[in-house]
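J.: First the structure, which I've put down as structure tokens, then a few questions once you've had a look.
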Amino acid sequence: MMEKIQTIERFIFDQQPETAHGEFTNLLYDIALVAKLIAHKTNRAGLVDILGRAGAVNIQGEIQQKLDVFADEMIVRICDHSGRLCVMASEEREEIIPIPAKYKKGSYVLVFDPLDGSSNIDVNVSIGTIFGIYRCTDWDLRGRLEDVLQPPRDLVAAGYILFGASTLMVYSTGQGVHGFTLDLELGEFLLSHQDMCLPEPPAFYSTNHAYFQRWSPGVQNYTRWLQGQGDMDAPTLSSRYIGSLVADFHRNLLRGGVFYYPAEHDKPNGKIRLLYEAGPLAFLIHQAGGYASDGFRSILDIVPTDLHQRVPLFIGNESLVRKAESFIRQD
Ligand code: P6P
């Protein structure tokens, strides 16, 4: 039971450094507002004609779900004129999203996946928004691609919003990971998970076993190890995979575990996006005492070269992720 009732706005304000002048703090407020708006629409997804297909095909070549479109547009419409940002980038848009010249430019960059796991919308499985915040690399110029293509280690904040049985907003500004649950009656996010840390020993491993034959021998041997086969130091884990990255990540953050979406024979970079999925989650897991890797090196150190580049992802308890790297080195 949390002993104090604290809104996310109060918590953000209390965490800001003395020297802050509010721009960054207000950007986090904006994201909390976005979360409430998307939650409102998502919670009613089954009640209004917002399910089904929007018809448009997004950069990912997938059929865009209407909630995808709504979430993407909400984030842009709330953040593009607030004066906090110099540029944005979204999974749903091929190019960077400049701040219109009529609006004041800010000092930060927002990258986001507006609604990850959208294929789960129509079957009422939890879905999520993932975001990351960088500083603009050149304070004088309006936002450019160079401002977006920064390594995740340079993030100043990252987080996600989980739309499930309840709506949670989890974020870090480099001072630990904290979770807030939306009280629908108050319309407020209240502190519910302070200083989230990966527990030991881990409880789960999360991957799509249907792709086992597509993986390298090292990843196949790693999977066998996770299942308790082989040497004595194998962990005792249960398998959980819901096919929605934010939901799988959040459960593993609370209970301990590893999520992996490895490279495949015909998909050498796997499926997960570096800029607005793996990068922000790697920042968070690092803050929670864990580690994220592409199988060879820390996700935090990978410099993006393309907005939508994919990366193999192993993320969770450091001992489990390092073990994946050791199996892959044997390939
Ligand atoms: P698969 C959803 O489309 C997503 O990007 C992630 O949320 C999820 O972890 C993954 O794809 C599921 O992919 O190939 O196992 O269905």
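J.: With every protein chain kept in the model, how would you rank THR223, THR173 by accessible area, 1.4 Å probe, largest at the top?
T.: Most to least solvent-accessible, the answer reads THR173, THR223.
J.: Sticking with this one: How far is it, in nm, from the label point at ARG142 to the one at ALA210 when both lie 7 Å from their Cα along the line to the Cβ?
T.: Once both label points are built, they end up 4.4 nm from each other.
J.: Label-point separation (nm) for GLU73 and ASP233, each offset 7 Å from Cα along Cα-to-Cβ?
T.: 5.4 nm
J.: What dipole magnitude, in Debye to the nearest 20, does region 264-314 give about its Cα centre under +1 on Lys/Arg Cβ and -1 on Asp/Glu Cβ?
T.: About 60 debye.
J.: Go through the chain and flag any cysteine with no other cysteine's C-beta closer than 4.7 Å, please.
T.: CYS79, CYS197
J.: Could I ask something else about it? Looking at SER298, THR19, SER239, which one has the Cα that reaches farthest to the positive end of the dipole of the chain (charges on Cβ: Lys, Arg +1; Asp, Glu -1)?
T.: About the Cα centre, the residue reaching furthest to the positive side is SER239.
J.: Then there is this: Tell me which of LEU307, SER216, ILE328 sits at the most positive position along the dipole axis of region 204-329, charges placed on C-beta atoms (Lys, Arg +1; Asp, Glu -1).
T.: SER216
J.: Can you list the DSSP H helices in the chain whose Cα atoms extend at least 24 Å along the helix axis and whose mean Kyte-Doolittle hydropathy is -1.0 or higher?
T.: 23-43
J.: Now, a different point. Provide the gained length on full extension for the span GLN330 to VAL123, in nm with one decimal, where the gain is 0.36 nm per separating residue minus the Cα-Cα distance.
T.: So the chain would gain 70.5 nm between GLN330 and VAL123.
J.: Label ARG44 and GLN309 with points 7 Å out from Cα along Cα→Cβ: what is the distance between them in nm?
T.: Each label point is offset 7 Å from its Cα along the Cβ direction, giving 4.2 nm.
J.: Counting C-alpha atoms alone, how compact is the chain: give Rg to one decimal and Dmax as a whole number, in angstrom.
T.: 19.3, 64
J.: Sticking with this one: Could you put SER82, SER119, SER172 in order of accessible surface area, largest first, with the 1.4 Å probe and the full protein assembly present?
T.: Correct descending sequence by accessible area is SER119, SER82, SER172.
J.: Give the accessible area for ASP331 in Å² (nearest 10); use a 1.4 Å probe, count only protein heavy atoms, and leave out ligands, DNA and RNA.
T.: Spelled out: ASP331, probe radius 1.4 Å, area about 100 Å².
J.: Counting only helical runs of four or more DSSP H residues, what would the 222 nm mean residue ellipticity of the chain come to if each run contributes -39,500 (n - 2.57) and the total is spread over all its residues?
T.: About -8000 deg cm²/dmol.
J.: Hey, if you put +1 on the Cβ of every Lys and Arg and -1 on every Asp and Glu Cβ in the chain, which of HIS40, ILE133, ILE5 ends up farthest toward the positive end of that dipole?
T.: Comparing the listed Cα positions along the dipole, HIS40 ranks first.
J.: What's the magnitude of the charge dipole for region 2-193 around its Cα centre, counting Lys and Arg as +1 and Asp and Glu as -1 at the beta-carbon? Answer in Debye, nearest 20.
T.: 280 debye
J.: When ranked by the protection proxy of mean other Cβ atoms within 10 Å per residue, highest first, what sequence do the peptides 276-289, 199-212, 93-106 form?
T.: Most protected by this proxy first, the peptides run 276-289, 199-212, 93-106.
J.: For the chain, with only Lys/Arg (+1) and Asp/Glu (-1) charged at the beta-carbon, what is the dipole magnitude about the Cα centre, in debye rounded to 20?
T.: Around 280 debye, computed over the chain.
J.: Sticking with this structure for a sec: Taking the Cα centroid of region 69-84 and of region 261-331, what is the distance between the two, rounded to the nearest whole Å?
T.: Spelled out, the Cα-based centre of one part sits 28 Å from the other.
J.: To continue, here is another question. Compute the normalised compactness of region 204-329: alpha-carbon radius of gyration over 2.2 N^0.38 Å, N being the residue count.
T.: In units of the 2.2 N^0.38 Å rule of thumb, it is 0.96.
J.: Continuing with this model, one more query. For SER166 and LEU186 in the same chain, what is the full-extension length gain: residue separation times 0.36 nm, less their Cα-Cα distance, in nm?
T.: 5.8 nm
J.: No solvent, one uniform scatterer per C-alpha: report log10 I(q)/I(0) for region 2-193 via the Debye equation at q = 0.08, 0.15 1/Å, two decimals.
T.: -0.26, -0.92
J.: Please list 294-304, 161-171 highest first by mean number of surrounding beta-carbon atoms within 10 Å per residue.
T.: The most tightly packed comes first, giving 161-171, 294-304.
The values are calculated or read from the model by the stated rules, or taken from the named source; none is laboratory data. From a predicted model like this one, the values you see are computed outputs, not experimental measurements. Glycine also receives a Cβ, built like all others from the backbone with ideal geometry; neighbour counts cover every protein chain displayed. Just the protein is used for accessible areas: all its heavy atoms, side chains included, with ligands, DNA and RNA removed. Shrake-Rupley method; radii C 1.70, N 1.55, O 1.52, S 1.80 Å.
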